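A.B. asks: Take this structure first; my questions come after.
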Amino acid sequence: MEKPLADLEGGTNVSEKYKDYIKSNIIKCYKRKIIAPLVYLAFILLLIFISPIYSILNPNVLDSTKSIKEQYNRNGYITAELKNLYFTGYTKEWLTGTEGYYYYTNVNDDCVIVLLTPDTCEQGKPIIEDVTIKGKIYKNSKTETELLNRLAKDLSWDEEGITSTLSSYNINEPATTGFLTWALIILALGSGIVSLIFVIIYGLFIINPSISTPVLRLKAYGNSDKLLALAEEELATLPQLATEDMYITEHFFIEVSIYGVAIVPIDEILWIYKYSTLYKFLWHHFKISYTLHITANKHLYIKCPKNEKSDIDGVIEYLSEANHNILVGFSEENRIKVAEMLKRK
């Protein structure tokens, strides 16, 4: 509710209550805002380390002196330099295309099946002398086991040779190159970077409120630091009108709420009006809340949501008296006038 000046802080010194009031509320505002990106950034970091993302981006190097079995990790990815790969003649199909080509090669005396992407193997090159790939080690599924049996027959390997040389693990390159895999990685990293940027920006605003968005908006009307200092001084000395989160001084309209902070020179305001919102659930009507809309020169738009009707009416009345050029009330005529004024300036 609108507060008479005599009742502010129960008659205590007004300047003490409002000393650096705008800056302190900017700090509070961005301390609230920084929580969400901080939590999301922590979630992304946790996701990277507990999911395969970290392993894909930082794979282990395959050691050719150790067996594939020794280097198998259920969530681990590897980078491998392989030599003398021979095409089996078999491919792996997925939906309407070829996902990969099956090759076999030796890794520490084990015959290992390697699934290569079409680009890596040049669409099934018969022999690849040397190639470096990123992939994942899998235990052989029924598909790879059947492939090994067919390969053994194709190469006329005897049963004893099959048992002693064929590895029960394979290397899968397409597992690290799939569109969906990298789309999720890019989404996670991209959103994490965006969160980090917000954390840094909000942190700077907390450290130095003078570079925050509400203050920088004042640059359109002059020196932002001087205008902020004047607004702080006028608010601390004697606000002309005060509601729960809106204040009017000699030269400024100031909003300080959980939704943000706004400082607008009264002489720059072009249009003010209120907008009502009815809250209801099913057939039950709850209270009506009111939002004050302010349009100022330099395309500055301010919304002060969820206020009492009496508070907004008091603010509109005071501002319209302080600046007779302000258009009051929402109408198509006023909207057109404001649009023309903004085009001219």
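A.B. asks: Summing Lys, Arg as +1 and Asp, Glu as -1, what charge do residues with Cβ under 14 Å from the Cβ of residue 174 carry, residue 174 excluded?
C.D. replies: Computed value for this residue: -2.
A.B. asks: A follow-up question, please. Rounded to the nearest 10 degrees, what's the angle between the helix 179-207 long axis and the longest principal axis of the chain, both from Cα atoms, 0 to 90?
C.D. replies: Once rounded, one gets 30 degrees.
A.B. asks: Along Cα→Cβ, 7 Å out, is where each label goes; now give me the distance between the ones at residue 153 and residue 251 in nm to one decimal.
C.D. replies: 9.3 nm
A.B. asks: Something else now. What net charge do the residues around residue 321 carry, taking every other residue with its C-beta under 14 Å from that of residue 321, with Lys and Arg at +1 and Asp and Glu at -1? Can you show the working numbers first?
C.D. replies: Working: positive: none; negative: 250, 267, 313, 317.
Counting the neighbours of residue 321, the net charge comes to -4.
A.B. asks: Restrict the search to region 82-173; then list the GluC sites (Glu not before Pro) that DSSP places in a loop and that have at most 11 other Cβ atoms within 10 Å of their Cβ.
C.D. replies: Loop-located and lightly packed - 122.
A.B. asks: On full extension of the chain, what length is gained from residue 63 through residue 337, given 0.36 nm per residue of separation minus the C-alpha to C-alpha distance?
C.D. replies: Length difference between fully extended and current span is 91.2 nm.
A.B. asks: Which one of 326, 50, 302 has the biggest mean-square fluctuation once the chain is modelled by GNM with Cα springs under 10 Å?
C.D. replies: Highest fluctuation of the listed residues: 50.
A.B. asks: With no solvent and one point on each alpha carbon, what is the Debye value of log10 I(q)/I(0) for the chain at q = 0.06, 0.13 Å⁻¹?
C.D. replies: -0.48, -0.98
A.B. asks: Shape of region 30-74 from its Cα gyration tensor (a ≥ b ≥ c, root eigenvalues): rounded if a/c is under 1.5, otherwise prolate when a/b > b/c, or oblate? Provide the component values of the computation, followed by the final result.
C.D. replies: Details: a/c = 7.53, a/b = 4.52, b/c = 1.67.
Since a/c reaches 1.5 and a/b is larger than b/c, the shape of region 30-74 is classed as prolate.
A.B. asks: If you don't mind, there's one more thing I want to ask. With springs connecting C-alpha atoms under 10 Å apart, model the chain as a Gaussian network and identify which of 94, 271, 182 has the largest mean-square fluctuation.
C.D. replies: Residue with maximal mean-square fluctuation among 94, 271, 182: 94.
A.B. asks: Also, quick follow-up: Could you rank the peptides 167-175, 291-299 by their average count of other C-beta atoms within 10 Å per residue, with the highest value first?
C.D. replies: 167-175, 291-299
A.B. asks: Could you work out which residue, out of 117, 243, 65, moves most in a Gaussian network model of the chain, that is, has the largest mean-square fluctuation with Cα springs under 10 Å?
C.D. replies: 65
A.B. asks: Expressed as an acute angle from 0 to 90° and rounded to the nearest 10, what is the orientation of the C-alpha long axis of helix 35-50 relative to the principal long axis of the chain?
C.D. replies: It is inclined by approximately 0 degrees.
A.B. asks: Measure of size requested: the Rg and Dmax of region 226-336, with Cα atoms as the atom set and Å as the unit; please supply both.
C.D. replies: 14.7, 52
A.B. asks: Something else now. Would you mind calculating the gained length between residue 301 and residue 19 on full extension (0.36 nm times residue separation, minus the Cα-Cα distance), in nm to one decimal?
C.D. replies: Length gained between residue 301 and residue 19: 98.9 nm.
A.B. asks: Continuing with the same structure: Suppose each label sits 7 Å from its Cα in the direction of the beta carbon; what would the residue 70-residue 320 distance come out to in nanometres?
C.D. replies: Modelled inter-label distance: 8.6 nm.
A.B. asks: Could you state the accessible area per residue of the chain in Å², with a 1.4 Å probe and every protein chain left in place? Let's see the in-between values first.
C.D. replies: Values: 19910 Å² over 345 residues.
I get 58 Å² per residue for this part.
A.B. asks: In addition: How big is the Rg/Rh ratio for region 47-100, C-alpha atoms only, Rh by Kirkwood, two decimals? Can you show the working numbers first?
C.D. replies: Working: Rg = 14.5 Å, Rh = 13.7 Å.
Reported Rg/Rh, Kirkwood definition of Rh: 1.06.
A.B. asks: On to the next question. Using the Kirkwood radius built from alpha carbon pairs, what does the Stokes-Einstein equation give as D for region 98-154 at 25 °C and 0.890 mPa s, in µm² per second?
C.D. replies: Answer, rounded: 199 µm²/s.
A.B. asks: Here is a further query. For helix 332-344, report the angle its Cα long axis makes with the longest principal axis of the Cα atoms of the chain; keep it between 0 and 90° and round to the nearest 10°.
C.D. replies: 80 degrees
A.B. asks: To continue, here is another question. Tally up the carbon and sulfur contribution to the accessible surface of region 21-154 as a whole percent, 1.4 Å probe, everything protein left in place.
C.D. replies: 53 percent
A.B. asks: At q = 0.11, 0.12, 0.21, 0.22 Å⁻¹, what log₁₀ I(q)/I(0) does a Debye calculation on the Cα points of region 9-110 give, no solvent, two decimals?
C.D. replies: -0.64, -0.70, -1.16, -1.19
A.B. asks: Another question, then. Test of the criteria: in region 63-97, which trypsin sites (Lys or Arg not before Pro) are in a DSSP loop and have at most 15 other Cβ atoms within 10 angstrom of their Cβ?
C.D. replies: Answer by residue number: 66, 74.
A.B. asks: Report D for region 86-238 in µm² per second (integer): Stokes-Einstein, Kirkwood Rh on Cα pairs, 37 °C, 0.692 mPa s. Each step should come with its number before you reach the end.
C.D. replies: Values: Rh = 20.6 Å.
Diffusion coefficient, whole number: 159 µm²/s.
A.B. asks: By how many nm would the segment from residue 39 to residue 233 lengthen if fully extended, with 0.36 nm per residue of separation less the alpha-carbon distance?
C.D. replies: Details: separation 194, 0.36 × 194 = 69.84 nm, distance 3.65 nm.
The residue 39-residue 233 span can extend by a further 66.2 nm.
A.B. asks: What does the charge count near residue 200 come to, summing +1 for each Lys or Arg and -1 for each Asp or Glu among other residues with Cβ under 15 Å from its Cβ?
C.D. replies: +2
The values are calculated or read from the model by the stated rules, or taken from the named source; none is laboratory data. All of these numbers come straight from a predicted model, not from anything done at the bench. Every residue, glycine as well, gets a Cβ built from its backbone with ideal geometry; the counts of neighbours run over all protein chains shown. SASA here: full protein model, heavy atoms, side chains in, ligands and nucleic acids out. Shrake-Rupley method; radii C 1.70, N 1.55, O 1.52, S 1.80 Å.
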